[in-house]
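*Asks:* Just dropping this structure here.
The values are calculated or read from the model by the stated rules, or taken from the named source; none is laboratory data. Here the structure is a predicted model, which is why all the values come from computation and not from measurement. Glycine also receives a Cβ, built like all others from the backbone with ideal geometry; neighbour counts cover every protein chain displayed. These area figures cover heavy atoms from the full protein model, side chains too; ligands, DNA and RNA do not enter into them. Shrake-Rupley method; radii C 1.70, N 1.55, O 1.52, S 1.80 Å.
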Amino acid sequence: MMELSPILLFVYNRPDHVERGIASLLKNQEAAASELFIYSDAARSEEDQKQVDEVRKIIHQVTGFRQIHFIERSENWGLARNIIDGVTSVVNQYGRVIVLEDDLVVAPFFLRFMNEALTTYQDEDRVGHIQACDFTQDKALPDTFLIKWTGSWGWATWQRAWAHFNPNGAELLRQLEERGLTKVFDFNGKYGFTRMLRRQVEGKNNSWAIRWNASLFLEGILSLNVGRSLIQNEGFDGSGTNCGRGELYGSDLYRNPLEVKKISPIEENREARKAFERYYARTNSFTAKALRRIKRTLKGDFGA
């Protein structure tokens, strides 16, 4: 029988999202034999307290998993600290983890795919991450491919790979700049991942994901990505704190089994990288940003 990875679910103050996400997980056959760790952060403010309490009420009513562990913070940790602590703790105990946030809905074969991929690539040091969300909707992408980039919506990793995680953003930024890798890191300059890391160093964001991305990138470690999305992010409804606009990152759930075949040779798929460059060029250009702002203004949405 295939070894099933523990699932980590990070929740905060969105009860409706939590209910939908857990309901989608329970549609996966493997859920009944999986351990679930639910990390519930404490309220950041008095305004958030009622919804945090509602989320905690919901999670304690969850059934359908082999075992459920509750980690309820007594003070507000924030997402980055929670994820870094949670992943480190569980991956060091179990050797592998599947990680979800409360605004993600998963496909019915998500857990099958993630567990099969974790098993297939468990001894392949050059692969350190599995990403189950595709937001490019590029039909040219194969079902699975290797790329030097890590997504943070529905992902998995192993203890051996997480050992490369460097929380020191300043050191990661220094290495990228000294090694002349910033343009490649930014998909040939099409998206500002280096800027995102620099803003983390300056305290303008607290992204764990950009540091994870940079950590594996600098080590030359690849991610197994999907061209058929097993994840849908529902956090673009104004309820999240770290999400942009939904039209950029929409995805259609692929509801059929997605086969895991070990890719050989283990090297980056150059065509897939070009597909990401095309996507970011299309969505991140000055013209694209200006058009989105105009559309939002016409709709009466004056957000950032």
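*Asks:* Between GLU19 and ASP48, what is the label-to-label distance in nm when each label sits 7 Å out along the Cα-to-Cβ direction?
*Replies:* Taking the simple label geometry, GLU19 and ASP48 are separated by 2.2 nm.
*Asks:* Here is a further query. Just the number please: accessible area per residue for the chain, 1.4 Å probe, all protein chains included, in Å².
*Replies:* That works out to 48 Å² for each residue.
*Asks:* Moving to a separate point now. With a 1.4 Å probe and all protein chains in place, put ARG270, ARG20, ARG160, ARG195 in order of accessible area, largest first.
*Replies:* Solvent-accessible surface, decreasing: ARG270, ARG195, ARG20, ARG160.
*Asks:* Next question. Given a Förster radius of 45 Å and the C-beta distance between GLU271 and ARG81 as r, what FRET efficiency does 1/(1 + (r/R0)^6) yield to the nearest 0.05?
*Replies:* Once rounded, the FRET efficiency stands at 0.75.
*Asks:* Which value, in Å² and to the nearest 10, is the accessible area of PHE70 when all protein chains are kept and the probe is 1.4 Å?
*Replies:* About 80 Å², rounded to the nearest 10.
*Asks:* Can I ask one more? Set the Förster distance to 25 Å, then compute FRET efficiency between GLN122 and ALA281 from the Cβ-Cβ distance, nearest 0.05.
*Replies:* Using R0 = 25 Å, I get an efficiency of 0.10.
*Asks:* While we're on this one: So if each residue of separation counts as 0.36 nm, and I subtract the Cα-Cα distance between LYS57 and GLU219, what length gain in nm does that give?
*Replies:* 54.1 nm is the gain from fully extending LYS57 to GLU219.
*Asks:* Hey, another quick one. Between SER264 and LEU181, what FRET efficiency follows from the Cβ-Cβ distance if R0 is 25 Å, with the result rounded to 0.05?
*Replies:* 0.45
*Asks:* Take SER74 and ASN168, extend 7 Å from each Cα along the Cα→Cβ direction, and tell me the distance between the two endpoints in nm.
*Replies:* Taking the simple label geometry, SER74 and ASN168 are separated by 3.2 nm.
*Asks:* Could you work out which residue, out of TRP208, TRP77, TRP158, moves most in a Gaussian network model of the chain, that is, has the largest mean-square fluctuation with Cα springs under 10 Å?
*Replies:* Sorting by GNM fluctuation, first place goes to TRP77.
*Asks:* How would MET114, MET196 rank on accessible area, largest to smallest, probe 1.4 Å?
*Replies:* I get MET196, MET114, largest accessible area first.
*Asks:* Another question about this same structure. Could you check how much of the accessible area of the chain is carbon and sulfur, as a whole percent, using a 1.4 Å probe?
*Replies:* Carbon and sulfur atoms account for 47 percent of the accessible area of the chain.
*Asks:* What is the ratio of the Cα radius of gyration of the chain to 2.2 N^0.38 Å, where N is its residue count, to two decimals?
*Replies:* This ratio for the chain stands at 0.97.
*Asks:* Do you know the relative contact order of the range 1-42, to the nearest whole percent, from alpha carbon pairs under 8 angstrom that are 6+ apart?
*Replies:* Dividing the mean separation by the residue count of the range 1-42 yields 64 percent.
*Asks:* Which value, in Å² and to the nearest 10, is the accessible area of SER251 when all protein chains are kept and the probe is 1.4 Å?
*Replies:* Counting only protein heavy atoms, SER251 exposes about 10 Å² to solvent.
*Asks:* Below 8 Å between Cα atoms, with a sequence gap of 6+, how large is the relative contact order for the chain in percent?
*Replies:* 21 percent.
*Asks:* Given the options PRO142, PRO265, PRO167, which has the most mean-square fluctuation in a GNM of the chain, springs set between C-alpha atoms less than 10 angstrom apart?
*Replies:* Looking only at PRO142, PRO265, PRO167, the largest GNM fluctuation is found for PRO265.
*Asks:* Would you calculate, for the chain, the mean residue ellipticity at 222 nm contributed by helices, counting each DSSP H stretch of 4 or more residues as -39,500 (n - 2.57) and dividing by all residues, to the nearest 500?
*Replies:* -12000 deg cm²/dmol
*Asks:* Need one value: the accessible area of ILE71 in square angstrom, 1.4 angstrom probe, rounded to the nearest 10.
*Replies:* 40
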